[in-house]
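The values are calculated or read from the model by the stated rules, or taken from the named source; none is laboratory data. Just so it is clear, the model here is predicted, and its values are computed rather than measured. When we count neighbours, we look across all protein chains shown, and the Cβ atoms used for this are built from the backbone with ideal geometry, even at glycine.
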Amino acid sequence: MAEKPKVIVICGPTASGKTGLSIELAKQINGEIISCDSMQIYKEMNIGTAKPTVEEMQGIKHYMLDFVNPNERYSVADFKKDAITSIKKVLTNGKIPIVVGGTGLYVNSLTQNITYPNIEIDLKYRKKLEQRAEKEGLLTLYKEAEKIDKEAMKSISQNDKKRIIRVLEIYNQTGKTKTMLEAESKIEPPPYEYIIFALDMDREKLYERINQRVDLMIQKGLIEEVENLLKKYKSLPTAIQGLGYKEVASYLNGNLGKEEMIEKIKMETRRYAKRQLTWFRKDKSIIWLDGLKPVSENIQSILEEYSEK
């Protein structure tokens, strides 16, 4: 049997240093980077998504950044299809693919080769659920989804309206839970050998970095970025639910004070980082790296694992 091409994956919580590590690694090993971030896909959303700038990329080619309009929906199935196409391009270029990002669902779709069934969206049912969330509160829908699919809900926040509704939609349209469908979809092994690394660090240090990053985003113009989006687009069904964006939108609507908004973004980002760590720790194949170690040391660890595989 022919050897499968190797693909490096660097994941982990927000603000743990994935971008810097991946760019330095790509420079050393002739690599190209495929983003695995559910918010960095959107155009015009640069500050709040911590999208790397052209300067930060240092000439390293990046895929899957900045290509979806903020008012468009983009599914995990779309991501998987586009990411596989990008990996093929990188390999064709004679380079090493490096998949980088903190969206656990996106990472799993690739590394576990999850095939997503083509489920038609029932817009009437979705609208009904959204109306119920407004009237009865999102927690009611969360509890319903938990009764249907307890396993799936373990990794879904009580505030994540999009994914709560998706669990209910899948069951309504197929009669099967999201967990059942995913189990059925993992029959085919992945076409690549994914070597997965994740960055972690002392929790207090991580939270400190998150707080500093949020302050920097505000300084760089996050409020203006959200203002421009809300002016330009009538509807932002998914994009405006992103961390930082919904809090700023709430501030612009007069529902939060400025300091209250900043503290809320920090708190929600810390909570998100905690959920990311919980998600990635479930995958026993992940090789953990200390994000506080020098980048050169972590690159050395990655190269050792890569050459052994």
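Report yes if residue 100 is among the hydrophobic types (A, V, I, L, M, F, W, C) and free of Cβ contacts under 8 Å to residues at least 24 places away in the same chain, otherwise no.
Against the criterion (among the hydrophobic types (A, V, I, L, M, F, W, C) and free of Cβ contacts under 8 Å to residues at least 24 places away in the same chain), residue 100 does not qualify.
Within segment 160-185, can you find the residues that are farther than 15 Å from residue 146 by Cα, surrounded by 14 or more Cβ atoms within 10 Å (Cβ to Cβ) and not small (Gly, Ala, Ser)?
Of everything in segment 160-185, those that are farther than 15 Å from residue 146 by Cα, surrounded by 14 or more Cβ atoms within 10 Å (Cβ to Cβ) and not small (Gly, Ala, Ser) turn out to be 173, 181, 182.
So which pairs qualify, if the first residue must be in segment 117-131 and at pLDDT below 90, the second must be assigned to a loop (DSSP other than H, G, I, E, B), the Cβ gap must be under 6 Å, and the two must be at least 6 apart or on different chains?
Listed by first residue and then by second, the contacts come to nothing, as the list is empty.
For segment 151-177, what are the residues that are closer than 24 Å to residue 268 by Cβ and either in a helix (DSSP H, G or I) or of a type in the set (Phe, Trp, Tyr) (or both)?
Scanning segment 151-177 gives 152, 153, 161, 162, 163, 164, 165, 166, 167, 168.
Given the options 51, 80, 89, 4, name the one that is of a type in the set (Lys, Arg), more than 28 Å from residue 120 (Cα to Cα) and in contact with a Leu (Cβ under 9 Å, 6 or more places away or on another chain).
51
Please report, ordered by residue number, the helices (runs of 4 or more DSSP H) entirely within segment 1-94 with at least 1 residues that are among the aliphatic types (A, V, I, L, M) and surrounded by fewer than 14 Cβ atoms within 10 Å (Cβ to Cβ).
Helices (runs of 4 or more DSSP H) meeting the threshold: 54-57.
For segment 99-115, indicate whether the set of residues that are more than 20 Å from residue 171 (Cβ to Cβ), in a strand (DSSP E or B) and of a type in the set (A, V, I, L, M, F, W, C) is non-empty.
There is at least one residue in segment 99-115 that is more than 20 Å from residue 171 (Cβ to Cβ), in a strand (DSSP E or B) and of a type in the set (A, V, I, L, M, F, W, C).
Taking segment 212-235, which residues are without any contact (Cβ under 8 Å) to a residue 24 or more places away in the chain and among the aliphatic types (A, V, I, L, M)?
Those that are without any contact (Cβ under 8 Å) to a residue 24 or more places away in the chain and among the aliphatic types (A, V, I, L, M): 216, 230.
Within segment 293-309, restricting attention to residues that are touching a strand residue (DSSP E or B) at 6+ places or on another chain (Cβ under 9 Å) and either in contact (Cβ under 8 Å) with a residue 12 or more places away in the chain or of a type in the set (S, T, N, Q) (or both), which residue is farthest from residue 102 (Cα to Cα)?
The qualifying residue farthest from residue 102 (Cα to Cα) is 309.
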